[in-house]
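Some notes on the structure that comes next.
The values are calculated or read from the model by the stated rules, or taken from the named source; none is laboratory data. Since the structure is predicted, the reported quantities are computational estimates derived from the model, not experimental observations. Using ideal geometry, Cβ is built from the backbone for each residue, glycine included, and neighbour counts are taken over all protein chains shown. Remember, those area values only see protein heavy atoms, side chains included, never the ligands or the DNA or RNA. Shrake-Rupley method; radii C 1.70, N 1.55, O 1.52, S 1.80 Å.
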Amino acid sequence: MEINHIYPQIFLQAVDQKTLGNSVIIDVREPHEWEYYHMEEAKLIPMQQIPLRMGELPEDEDIYIVCAHGMRSMRVAEYLKENGFERVINVDGGMAAIGMFRGFQYD
């Protein structure tokens with residue numbers, strides 16, 4: 001199964017230029033990770049809650065998935081694809097890469 005991905009610098013450029021349209025950004029980290037550092041544009045849905053909260057996700061918009069380093073988000077992206085969500089994009093490198101491009105030392 002092919003999972004679409006986006007490089008963090010391209011993703012941030014699109015966020016900053018507001019060219020993501022009506023897409024959503026889902027952060028699948030845990031609440032303590034979110035509190036440490038997060039994107040204001042993102043919505044927190046911890047990985048373990050995804051199966052219970054899929055009803056909150058749009059089926060007709062792009063869904064960007066982000067985690068700490070890109071591993072959990074890839075698993076969530078695969079899960080969503082398996083469950084009928086076509087427009088899922090994994091953000092490579094996660095918040096660590098995003099933080100680096102924004103001048104924040106994540107870990």
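Couple of notes before you dig in:
- Distance between the modelled labels on ASN22 and ARG53, one decimal in nanometres: 2.2 nm (7 Å Cα→Cβ projection).
- Taken one residue at a time, the phi angles of segment 42-52 give Karplus couplings (6.51, -1.76, 1.60, θ = phi - 60°) of 8, 10, 7, 9, x, 3, 5, 8, 3, x, 7 Hz. Gly and Pro are set to x.
- Per-selection Rg to Rh, the chain - Cα, Kirkwood hydrodynamic radius: 0.93
- Counting only protein heavy atoms and a probe of 1.4 Å, the accessible surface of segment 1-98 is 49% carbon and sulfur.
- Solvent-accessible heavy-atom area per residue, rounded to whole Å², over the chain at 1.4 Å: 56 Å²
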